[in-house]
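Worksheet: one structure, shown below.
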Amino acid sequence: MKSIKQGFELAKKTGKPIVIDLYADWCSYCKVLENEIFPSTPVTKELEKFIPVRLNGEEFPNLMSRYEVKGYPTILFLDKNGNFIDKLTGLPSKEMVLSKLKIVYEKKDIEGILLANHKKDPDGVEINYKLGIYYYQSGDIQKSEKYFLTSVNSKKIEAPDKRYNSNYNLCLIQIEKEMYLDAVNCWTKYLETYPPPKGDERSARYYRGLSLSKLQRIKEAKEDLVKAKELAGNVEEKKQITKVLNSLK
């Protein structure tokens, strides 16, 4: 299969994990993988449990970036929702591919494992954070928001880093949903909960400034963005914030 969209759709429909063979036309090892290793009988038989997709990586830069693919060939192993399980980079032997396919298949139900752990600890900070991340990466923003919110509001005293990350991600989700007033309130609460040096003041002020600008609260937006620029750690960040400031009227 050469369509990533069809591959993901079929994986969700069947519940099978996905194998993506990423190649480049100039890559000689990619041809060995395609013509000698994948067609071998044991590998072919094991691949029947997966949705196989073959893509020219140079035509899918976003996918390469998302899964941090650095070279060719690379074999990506994803669950039914497109979440990363494992990968092989370089030319593997038939035995390596076969072994990895079997190991990955045993791990294929990431969602089921997380939900089972959540059932044991429904108010847990860490498990709700993990489910929030899982569903965010799967594109299910509604479920992601639900679990991040539970993580933030949990009364358990544990995993402060996961609670922090849940709070941060929850604010980003409000922007993604274009709920800019909710985003402003979320970033304000974040700054109150995690004052410097505990929190990332630069990012919080930058994103709150963007949200305020969407609400046409330009004066407040500029105040946040100017402060974010002062806190920016490098020239490129300062340039980006300056560009946003110059666009405000």
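The values are calculated or read from the model by the stated rules, or taken from the named source; none is laboratory data. Since the structure is predicted, the reported quantities are computational estimates derived from the model, not experimental observations. Glycine also receives a Cβ, built like all others from the backbone with ideal geometry; neighbour counts cover every protein chain displayed.
Quick notes on this structure:
- Test: residue in segment 53-75 that is under 19 Å from GLY7 (Cβ atoms), among the basic types (Lys, Arg), in a loop (DSSP other than H, G, I, E, B) and free of Cβ contacts under 8 Å to residues at least 60 places away in the same chain: no
- Among the residues of segment 105-127, at least one is surrounded by 21 or more Cβ atoms within 10 Å (Cβ to Cβ), in contact (Cβ under 8 Å) with a residue 12 or more places away in the chain, more than 19 Å from PRO39 (Cα to Cα) and in contact with a helix residue (DSSP H, G or I) (Cβ under 7 Å, 6 or more places away or on another chain).
- Residue identified as assigned to a helix (DSSP H, G or I), touching a Phe, Trp or Tyr at 6+ places or on another chain (Cβ under 8 Å), surrounded by 14 or more Cβ atoms within 10 Å (Cβ to Cβ) and not acidic (Asp, Glu) among ASN185, ASN165: ASN165
- Look at (1) over 23 Å from the mean Cα position of the chain (by Cα); (2) under 25 Å from ASN128 (Cβ atoms); (3) not in a helix (DSSP H, G or I) and you find that GLU192 fails only one, number (3).
- Where GLU236 falls short, out of the listed (1) assigned to a helix (DSSP H, G or I); (2) exposed (fewer than 14 other Cβ atoms within 10 Å of the Cβ); (3) modelled with pLDDT of 95 or more: (3)
- Against the conditions (1) closer than 19 Å to THR242 by Cα; (2) in contact with an Asp or Glu (Cβ under 9 Å, 6 or more places away or on another chain), ARG217 satisfies every one except (2).
Each row is one residue, and each column tells you yes or no for (1) closer than 30 Å to ILE110 by Cα; (2) modelled with pLDDT under 95; (3) of a type in the set (Phe, Trp, Tyr); (4) buried (at least 20 other Cβ atoms within 10 Å of the Cβ).
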{"position": "LYS146", "(1), (2), (3), (4)": "yes, no, no, no"}
{"position": "SER154", "(1), (2), (3), (4)": "yes, no, no, yes"}
{"position": "PRO160", "(1), (2), (3), (4)": "yes, yes, no, no"}
{"position": "GLN174", "(1), (2), (3), (4)": "yes, no, no, yes"}
{"position": "PRO195", "(1), (2), (3), (4)": "no, yes, no, no"}
{"position": "GLY209", "(1), (2), (3), (4)": "no, no, no, yes"}
